[in-house]
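Report on the structure given below.
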Amino acid sequence: MAKRERVMRMSVEQPLWRALTGYRLLTMVYVIGLFASAYDKFDRPWLAVAYLAVLSGWTLLTLPKVANAANCTKRFLAADLTVALVGILLTRFADSTARVEAGGPTLPSIWTAGAVLAFAIKGGWRWAAFASTLVAVANLIHRGAPTRDTIHNVLLVWVASIAIGYVVEVARASERTLARALEIEAATRERERLARDIHDGVLQVLAMVQRRGTALGGEAAELGRMAGEQEVALRTLVSGGLVPVSRVSEDAAEGALVRAVEEPDDMSTGPVDLRALLVPFAAADVTLSEPGSPVPLSPPAARELAAAVGAALDNVRKHAGAEARAWILVEDWPDEVIVTVRDDGPGIPEGRLAQAEGEGRLGVAQSIRGRLRDIGGTAELISVPGQGTEVELKVPKAPQGPKDTRGKAEKR
């Protein structure tokens, strides 16, 4: 079975969740030890014991909540921060007044930082700023008046949490970029693999059917012609890739994901690759030769030029016969784009175009020369009886937009 590559989910922030889990456990043990060492200094130790029991149970029961971003919900974050804030405010009732005024530690102590860090990892620096601000207000209420140590501790938590939140946002952006690059690389390799398989199998079979059908003649010739058309269409599809697949990166619970989205069919802004508009004209009896790099033109110029090429091919089908072949050559020069449409038909007799215009048939005059004239380009037709016809279309790189004849008529 053939192997194909696909991008797996990634999460550069997952180590941060594991670190936060360890931090909460270690700080829980530290807070209990800190209280035990100063037990006899508390005015109401039973209140501190009750709170620390709740804190310990809450920490152990909510370990799965801080295992990843999906489990860490907004409701949990609010409850977790509430536990920390209640502990800070209860310290004044449980501890002695002397220890509080001397700047002694609060009941949750450094465990509070874990609750703030959870906000930072989950929502970035804005969430971290919100949580650390509430902690700062609770500490100021607990102390009664701002002191140097209180302000120092508050600023430390505030700056550290915001910095970590910002780092998390940068890591997520880098993760999305990496996921997109890996997805594009995997898609390119998959396309190359499919192209090899199709070239080695389907395209060769279609080419063989075309050759054998042409040699046998009759109904087999018609089958060969159809096989040739399908070969050209399939080859163009495999080797084209002129319109890239648009992708949007998104944050998922465990990292960045990339999904394909539909592009709006709107070429009103930005340059257009002329090759993408000419590819549909390629067929078994129409050969398209184009540069290997994009041929950018303004949207109006690209559309009008492609329409003129289509009109030239229509003339080949109508006047050169069903057996005639056509060639499209695209040349990208520094100051202009030249598209040549040539066929191997019987050619146009001298004076026939002027006669057609006099009879009211304006296919070449309007569909080809008129389109090019409107965008500042030129169209030159060269035909030798018995040697085919060649139409050379030239468009400057900065062409004018289609003329608004309706506006001119209104002004008159």
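Looking only at residues of the stretch 297-307 that are open to solvent by 10 Å² or more (accessible area, probe 1.4 Å) and touching a residue at least 40 places away in the same chain (Cβ under 8 Å), we find that the one that is farthest from E336 (Cα to Cα) is A307. Is it the case that the stretch 60-78 has a residue that's more than 19 Å from A128 (Cβ to Cβ), among the small types (G, A, S) and open to solvent by less than 20 Å² (accessible area, probe 1.4 Å)? Checking the stretch 60-78: not a single residue is more than 19 Å from A128 (Cβ to Cβ), among the small types (G, A, S) and open to solvent by less than 20 Å² (accessible area, probe 1.4 Å). Test E323 against the criterion of being under 33 Å from the mean Cα position of the chain (by Cα) and open to solvent by 10 Å² or more (accessible area, probe 1.4 Å), and give yes or no. Taking the combined requirement at face value, the residue does not satisfy it.
Here's the yes/no breakdown for (1) of a type in the set (F, W, Y); (2) open to solvent by less than 80 Å² (accessible area, probe 1.4 Å); (3) within 35 Å of the chain's Cα centre (by Cα):
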site: A94; (1), (2), (3): no, yes, no
site: A98; (1), (2), (3): no, yes, no
site: F130; (1), (2), (3): yes, no, yes
site: A145; (1), (2), (3): no, yes, no
site: G165; (1), (2), (3): no, yes, yes
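For G360, the criteria (1) modelled with pLDDT under 75; (2) in contact with a Pro (Cβ under 8 Å, 6 or more places away or on another chain) hold in every case but one, which is (2).
Taking the stretch 34-59 as the range and being assigned to a helix (DSSP H, G or I), surrounded by 12 or more Cβ atoms within 10 Å (Cβ to Cβ), free of Cβ contacts under 8 Å to residues at least 60 places away in the same chain and not aromatic (F, W, Y) as the test, the residues that pass are K41, P45, L47, A48, V49, A50, L52, V54, L55, S56, T59.
From the residues in the stretch 205-225 that are assigned to a helix (DSSP H, G or I) and among the small types (G, A, S), which one is most open to solvent (accessible area, probe 1.4 Å)?
Selected residue: A215.
Looking across the stretch 371-412, the residues that are at pLDDT below 80 and either under 22 Å from A301 (Cβ atoms) or in contact with a helix residue (DSSP H, G or I) (Cβ under 7 Å, 6 or more places away or on another chain) (or both) come down to A398, P399, Q400, G401, P402, K403, D404, T405, R406, G407, K408.
Here is a yes/no grid of residues against (1) assigned to a strand (DSSP E or B); (2) over 30 Å from L223 (Cα atoms); (3) within 33 Å of the chain's Cα centre (by Cα):
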{"position": "A276", "(1), (2), (3)": "no, no, yes"}
{"position": "P294", "(1), (2), (3)": "no, yes, yes"}
{"position": "A311", "(1), (2), (3)": "no, no, no"}
{"position": "K318", "(1), (2), (3)": "no, no, no"}
{"position": "V330", "(1), (2), (3)": "yes, yes, yes"}
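A70 versus (1) within 49 Å of the chain's Cα centre (by Cα); (2) in a helix (DSSP H, G or I); (3) among the small types (G, A, S): which is the lone unmet condition? That leaves (2) as the condition not met.
The values are calculated or read from the model by the stated rules, or taken from the named source; none is laboratory data. A quick note: this is a predicted structure, and the numbers were derived from the prediction, not measured. FYI the Cβ positions are ideal-geometry reconstructions off the backbone, even for glycines, and counts take in every protein chain you see. Side chains are part of the model used for accessible areas, which takes the heavy atoms of the whole protein and leaves out ligands, DNA and RNA. Shrake-Rupley method; radii C 1.70, N 1.55, O 1.52, S 1.80 Å.
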